[in-house]
Amino acid sequence: MPPGELDGHIEVRLDELLARRGMTLTELSHRVEVTIANLSILKTGKGRAVRFSTLARLCDVLDCQPGDLLRYTRDPGAGR
């Protein structure tokens, strides 16, 4: 595999956690003090990075661990 090429991707499970808690993206935005636009970018998987401080606030408000929010998924057919 060429340098910088990945075998998989990070899946953000924000929708699932919000649904379990009966919380809207707008409510989460207010509680973690992150714009709806930035949360939407994260939620759709288009974000390239997340600050640990933001991740910690998300985990605090959603009462979860980082692994509940993020999951690594290997792409089908990816070599090892």
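The values are calculated or read from the model by the stated rules, or taken from the named source; none is laboratory data. Quick caveat: nothing in here was measured; it's all calculated off a predicted structure. Note: ideal-geometry Cβ built from the backbone for every residue, glycine included; neighbour counts use all protein chains shown. Keep in mind that these areas ignore ligands, DNA and RNA; they rest on the heavy atoms of the full protein, side chains included. Shrake-Rupley method; radii C 1.70, N 1.55, O 1.52, S 1.80 Å.
Listed values, structure above:
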item: Wholly enclosed helices (runs of 4 or more DSSP H) of the stretch 16-80 bearing at least 1 residues basic (K, R); result: 25-32, 36-43, 52-62
item: Cross-chain or 6+ apart pairs with Cβ under 8 Å, the stretch 54-67 first and under 12 Å from L28 (Cα atoms) and free of Cβ contacts under 8 Å to residues at least 40 places away in the same chain, then among the polar types (S, T, N, Q) and open to solvent by 20 Å² or more (accessible area, probe 1.4 Å); result: C59/Q65
item: Residue match in the stretch 17-34 (condition: of a type outside the set (F, W, Y), within 20 Å of D75 (Cα to Cα) and touching a residue at least 12 places away in the same chain (Cβ under 8 Å)); result: no
item: Residues being farther than 12 Å from L70 by Cβ, open to solvent by less than 70 Å² (accessible area, probe 1.4 Å) and of a type in the set (D, E, K, R) - total across the stretch 6-42; result: 1
